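Worksheet: the structure to be examined is printed underneath.
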Amino acid sequence: MTSDSGTLRPAGPAGRYAPSPSGELHVGNLRTAVLAWLFARTTGRRFLLRMEDLDRTAAGADRQQIADLIALGVEWDPPIVYQTDRLPRYREVIDELTAAGRTFECFCTRREILEAPSAPHTPPGAYPGTCRRLGEAQLAAKRASGRPPAIRIVADVTQFTVTDVLAGQYTGAVDDFVIQRGDGTPAYNLAAIVDDAEQGVDQVCRGDDLLASAPRQAYLTALLGYAPPVYAHVPMVLNADHIRLSKRDGAITLADLSARGVDTATVLSHIAVSLGLGAVGERVDLPTLAERFDPATLPRHPWILTDDEW
Ligand code: GLU
């Protein structure tokens, strides 16, 4: 862990890669990291690495991820920020929002949320507003029940629009989303945007499975008075069944592939081919990819990765 990532000193605009250290990075994660590096470096930005370690961490996974990124040639500007070093700052932001009347305690279980009739004007799947409307007596009764509440944001919009390099203007649902979980941990949607803003991140490149989260995050960013970043949600790597890669898919990490005799340079070469930035069998490095990189020509569909690839 770094000792000084609790307070951040931004030094110019930046892009970033923000993995969760829950296990080894797979080829899909590595491809997204390469793209985040390319987007940042080809636009004159700093490139930052942030470990999103607020939940689901595996011992040593951060070190393994760092080693794999280095092996691939992905370089970043130090320090590596660990979110667990930033807990007091997230707490401050949550307290500020609460003091401004922008939060409420939510005692709902997942099941209660699913079963609640959706209120008028709330989009399908959105939080139905149950605990936002509790009166004093009801709130006291809920608190007395002993179930620790999550904290949700009071959203005063139902949708928000973000700018995405690949998706264009993208409008998506915003509801009273959770900013602190029932166990007291700040939610990803809060921690990530506070860090992005305070690290000077104005370009967010990540997998397009997170595109639907961007309107909520950009809304909270604006509510806190920060400028929203420009997004680049990039296509994912999927397996033959068109679902995200998992252990069941066999060799998907650098270690798995190395055990099969596929070295890191070959993995990078395949990533380059998948992005239209290299010829089959061509050895490449990241600076070469940067010379060829053009967001306009990036594939807009997922890379279907099967065992035959190698
Ligand atoms: N930590 C998240 C993940 O690994 C990514 C968050 C982000 O890039 O905003 O899925």
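Inclusion of A240 among residues that are more than 16 Å from the ligand (Cβ to nearest atom) and either within 23 Å of the chain's Cα centre (by Cα) or in a helix (DSSP H, G or I) (or both) is not warranted. Considering T103, T43, the condition of being farther than 19 Å from L289 by Cα and modelled with pLDDT of 95 or more is satisfied by T103 alone. Within region 62-72, not a single residue is free of Cβ contacts under 8 Å to residues at least 60 places away in the same chain and within 18 Å of R181 (Cβ to Cβ).
Within region 275-293, the set of residues being open to solvent by 50 Å² or more (accessible area, probe 1.4 Å) and under 20 Å from M236 (Cβ atoms) comprises G276 only. Of everything in region 6-40 that's more than 10 Å from the ligand (Cβ to nearest atom) and of a type in the set (K, R), which residue is farthest from the chain's Cα centre (by Cα)? If we take residues in region 6-40 being more than 10 Å from the ligand (Cβ to nearest atom) and of a type in the set (K, R), then R9 is farthest from the chain's Cα centre (by Cα).
Check region 200-218 and report whether any residue there is in contact with a helix residue (DSSP H, G or I) (Cβ under 7 Å, 6 or more places away or on another chain), within 29 Å of T84 (Cα to Cα), within 15 Å of the ligand (Cβ to nearest atom) and open to solvent by 30 Å² or more (accessible area, probe 1.4 Å).
Scanning region 200-218 turns up at least one residue that is in contact with a helix residue (DSSP H, G or I) (Cβ under 7 Å, 6 or more places away or on another chain), within 29 Å of T84 (Cα to Cα), within 15 Å of the ligand (Cβ to nearest atom) and open to solvent by 30 Å² or more (accessible area, probe 1.4 Å).
Using the structure shown, decide if L166 is assigned to a loop (DSSP other than H, G, I, E, B) and over 18 Å from L30 (Cα atoms). In short, yes.
Could you please find all residues in region 38-95 being in a helix (DSSP H, G or I) and of a type in the set (G, A, S)?
Across region 38-95, the qualifying residues are A40, A61, A67, A71.
Residues of region 164-180 that are open to solvent by 20 Å² or more (accessible area, probe 1.4 Å) and within 16 Å of the ligand (Cβ to nearest atom): V165, L166, A167, Y170, V178. Among the residues of region 67-87, those identified as open to solvent by less than 30 Å² (accessible area, probe 1.4 Å) and closer than 17 Å to H26 by Cβ are D68, L69, L72, V74.
Condition test on D183, is it more than 11 Å from the ligand (Cβ to nearest atom) and either in a loop (DSSP other than H, G, I, E, B) or of a type in the set (K, R) (or both)? So D183 fits the description; yes. Scanning region 188-199 for residues that are farther than 18 Å from A33 by Cα, open to solvent by less than 10 Å² (accessible area, probe 1.4 Å) and either of a type in the set (G, A, S) or over 16 Å from the mean Cα position of the chain (by Cα) (or both) yields one hit, A191. Within region 55-65, the presence of at least one residue that is among the basic types (K, R), open to solvent by 50 Å² or more (accessible area, probe 1.4 Å) and within 16 Å of the ligand (Cβ to nearest atom) is confirmed.
The values are calculated or read from the model by the stated rules, or taken from the named source; none is laboratory data. It should be emphasised that the depicted structure is a prediction, and the values quoted were computed from it without experimental measurement. Glycine also receives a Cβ, built like all others from the backbone with ideal geometry; neighbour counts cover every protein chain displayed. Surface accessibility is based on the protein's heavy atoms, side chains included, excluding ligands, DNA and RNA. Shrake-Rupley method; radii C 1.70, N 1.55, O 1.52, S 1.80 Å.
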